[in-house]
Amino acid sequence: MPRSNETQAEAVDLTPVHADHLIVNGELAAENAWCVSYDVDNLPDQLPAFVPLTLWQANQDDTELAPLLTSDTELTAALAEELNKSAALAIDFPAFTDGRGYSLARLLRERYGYSGELRAVGDVLVDQLEYMRRCGFTTMALRDDQDPEDALRALTFFSVRYQTDVEERQALFERRLAAGK
């Protein structure tokens, strides 16, 4: 059943815009200056802010704004070139079962050479963090009910990775062959 305009407006107002549990480069952040706004029509009162892509594109000269990509964003070469101008990007995970954000992150890092902050926002759970990091995320905003201490432990749980990722370009068997083992 479609929601009425009034209900949609209420949903935008009720969407949390701050992350209390922010992991940056494998460590708990002391503070989070950036808010996240899902409102596609209006700039948020608090800055700096991640805002929907179309709103960011209309206000690219504002250095206190950065793009918020939805998981269904079609990443073209032209869009990637435009996004490379931003020092930070956020990718929304609308549900922990939606893996399209991982693909966006890997494409941005590996195919298009994005080197700025890449932040995961939305339904981000502790058990996703290691794979998010392996896909190129530098910052993860945990869902409010997630324990930040558990998150830090999860990021150090694996000492060996079998598959390739954005940091390790060789699979474990390739590394072993190269080392003569």
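Tabulated data
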| quantity | calculated |
| --- | --- |
| ASP39-THR156 FRET efficiency (beta carbon distance; Förster radius 45 Å; 0.05 resolution) | 0.75 |
| Accessible surface of the range 20-109 [probe 1.4 Å, protein heavy atoms]: carbon and sulfur percent | 47 |
| Spin-label proximity, ALA78 to the range 30-54 - amide N less than 18 Å from point 7 Å beyond Cα toward beta carbon | 53-54 |
| Additional length obtainable on full extension of the chain from VAL24 to ASP123, 0.36 nm per residue less Cα span | 34.0 nm |
| Sequence-distant residues sharing a close amide H with PHE50 (under 5 Å, placed H) | CYS35, VAL36, SER37, ALA66 |
| Over the range 53-139, equivalent-ellipsoid semi-axes from the Cα gyration tensor in Å | 20, 14, 12 |
| Length added when fully stretched, GLU167-ASP147, from 0.36 nm per residue minus Cα-Cα | 4.6 nm |
| Relative packing of 134-146, 37-49, which averages over residues the other C-beta atoms within 10 Å, highest first | 134-146, 37-49 |
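The values are calculated or read from the model by the stated rules, or taken from the named source; none is laboratory data. Small disclaimer: the values here were computed from a predicted structure and weren't measured. Cβ: placed from backbone, ideal geometry, glycine included. Neighbour counts: every protein chain shown. Accessible surface areas use protein heavy atoms only, side chains included; no ligands, DNA or RNA. Shrake-Rupley method; radii C 1.70, N 1.55, O 1.52, S 1.80 Å.
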